[in-house]
Amino acid sequence: MPVAVARTIERLKKLRASLPVAGGGAKVALVPTMGALHEGHLSLVRRARQLADIVIVSIYVNPLQFGPREDFADYPRGLSRDCRLLAGLADIVFAPGDKLMYPQKQEITIALPPIAGELCGRSRPGFFEGVTTAVCKLLNIIRPDYALFGKKDYQQWILIKQMARQLNTGVTIAASPTIREVDGLALSSRNAYLTPAERQTAPLLYRTLQEAAAAIRRGGNAKQCCADAKVKLRAAGFVVDYFELRDAATLSRQTDAGEKAVILTAATKGKTRLIDNIQLTIPPV
Ligand code: AMP
């Protein structure tokens, strides 16, 4: 059965009310996306289906989160293909336009903690404010019980979790593991930008994360392991933005023995910015 598409809030309400499960106590899960769907997105939709009775996928390329020199214009778009992929998986696709999301200049945005200015936030100023503002609007429009995010965008997930909690949204933020190609490359809509030669080299990003995690688990000095990783990636033609070990819960630089940590990286290959991460437990002293 084709998935129903709502472009307005009124239509969204109507579609929702017409679902057989609608009404008393039906739980709703939202999967916010920018479209150009792949298995990573679909894994979130499947998880949403396990959590809730009604699954809504939003598709919106949010201009607020793109910098002036970023790929907003080029970002892949294809609503009909996305809807075909969602048939039988989601109940409703919510595809608002800019007029619905930003009927006037968005002057009220979400102020985030300092961590939003680090890692991806350092080279993409305003990015997380743009993401959390759009997600907050979607949560207010849809009022789901759950919203699902991928750990592939680890820093985004942490900040959205904090936003949802600190602004009392009442929404449970759930996260799913990163889905990868067989060679380890994390699925991303932006992988479509890679040339065949770049695509061949791209899996090195995750391999390097795995190697750094293994070295740290063996007791290696984290700073040195990350520095070695950067050298390796640069030698393979990546422009490395960051490659850092952080606390898995807070993303603070302070990581403690025996505690969960995450190595996060962003690197550009050609014109494609790739991000990835790997979780690990710091060995006890
Ligand atoms: P995007 O369309 O890139 O904004 O992503 C929408 C959601 O899908 C975000 O929560 C992402 O973290 C998640 N996502 C993107 N790629 C993957 C992946 N490879 N595995 C799991 N989740 C993903």
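The values are calculated or read from the model by the stated rules, or taken from the named source; none is laboratory data. No experiment lies behind these values; they were computed from the predicted model shown. In this analysis, Cβ positions are derived from the backbone assuming ideal geometry, glycine residues included, and neighbour counts consider all displayed protein chains.
Counting just the residues of the range 118-148 that are part of a strand (DSSP E or B) and buried (at least 21 other Cβ atoms within 10 Å of the Cβ), which one comes out farthest from the ligand (Cβ to nearest atom)?
A147
Can you name every residue in the range 8-24 that is aliphatic (A, V, I, L, M) and either surrounded by 16 or more Cβ atoms within 10 Å (Cβ to Cβ) or in contact (Cβ under 8 Å) with a residue 24 or more places away in the chain (or both)?
I9, L12, L15, L19, V21, A22
Can you name the residue in the range 6-25 that is hydrophobic (A, V, I, L, M, F, W, C) and farther than 22 Å from F149 by Cβ and, of all such residues, is modelled with the lowest pLDDT?
By that ranking, first place goes to A22.
Starting from the range 204-231, take each residue that is more than 22 Å from L274 (Cα to Cα) and list its partners that are of a type in the set (S, T, N, Q), counting only C-beta distances under 6 angstrom and pairs at least six apart or across chains.
Taking only residues 6 or more apart or on different chains, not a single pair turns up.
Could you tell me how many of the residues in the range 243-278 are surrounded by 18 or more Cβ atoms within 10 Å (Cβ to Cβ) and assigned to a strand (DSSP E or B)?
Counting residues in the range 243-278 that are surrounded by 18 or more Cβ atoms within 10 Å (Cβ to Cβ) and assigned to a strand (DSSP E or B) gives 19.
Can you pull out every residue in the range 185-213 that is within 23 Å of A235 (Cα to Cα), touching a Leu at 6+ places or on another chain (Cβ under 8 Å) and part of a loop (DSSP other than H, G, I, E, B)?
Correct list: L185, A202, P203.
What's the number of the only condition in (1) within 16 Å of the ligand (Cβ to nearest atom); (2) farther than 27 Å from L112 by Cα; (3) in contact (Cβ under 8 Å) with a residue 12 or more places away in the chain that E198 fails to meet?
Every condition holds for E198 apart from (1).
Output the number of the condition that V55 fails; it satisfies all remaining conditions of (1) more than 11 Å from the ligand (Cβ to nearest atom); (2) part of a helix (DSSP H, G or I); (3) surrounded by 16 or more Cβ atoms within 10 Å (Cβ to Cβ).
Just one mismatch for V55, condition (2).
Can you tell me which residues in the range 67-110 are aliphatic (A, V, I, L, M), closer than 25 Å to R124 by Cβ and either in contact with a His (Cβ under 7 Å, 6 or more places away or on another chain) or free of Cβ contacts under 8 Å to residues at least 60 places away in the same chain (or both)?
Within the range 67-110, A73, M101, I108, I110 meet the criteria.
Answer with yes or no whether V240 is more than 16 Å from the ligand (Cβ to nearest atom), touching a helix residue (DSSP H, G or I) at 6+ places or on another chain (Cβ under 7 Å) and touching a residue at least 12 places away in the same chain (Cβ under 8 Å).
yes
Can you tell me which of A192, A236, A267, A215 is of a type in the set (G, A, S) and in contact with a strand residue (DSSP E or B) (Cβ under 7 Å, 6 or more places away or on another chain)?
Within the list A192, A236, A267, A215, the selection yields A267.
Give me the pairs, please: first residue somewhere in the range 25-36 and under 10 Å from L51 (Cα atoms) and more than 11 Å from the ligand (Cβ to nearest atom), second residue anywhere and modelled with pLDDT of 95 or more and not in a loop (DSSP other than H, G, I, E, B), beta-carbon distance under 6 Å, and either six or more positions apart or on two chains.
Pairs found: V28/I54; A29/A48; A29/L51; A29/V55; A29/Y146.
Would you mind telling me which numbered condition in (1) polar (S, T, N, Q); (2) surrounded by fewer than 19 Cβ atoms within 10 Å (Cβ to Cβ); (3) in contact (Cβ under 8 Å) with a residue 60 or more places away in the chain S176 fails?
It is condition (2) that S176 fails.
When the residues of the range 37-52 are narrowed to those that are under 14 Å from the mean Cα position of the chain (by Cα) and within 18 Å of V135 (Cα to Cα), which ends up surrounded by the fewest Cβ atoms within 10 Å (Cβ to Cβ)?
Only one residue fits best here, namely V45.
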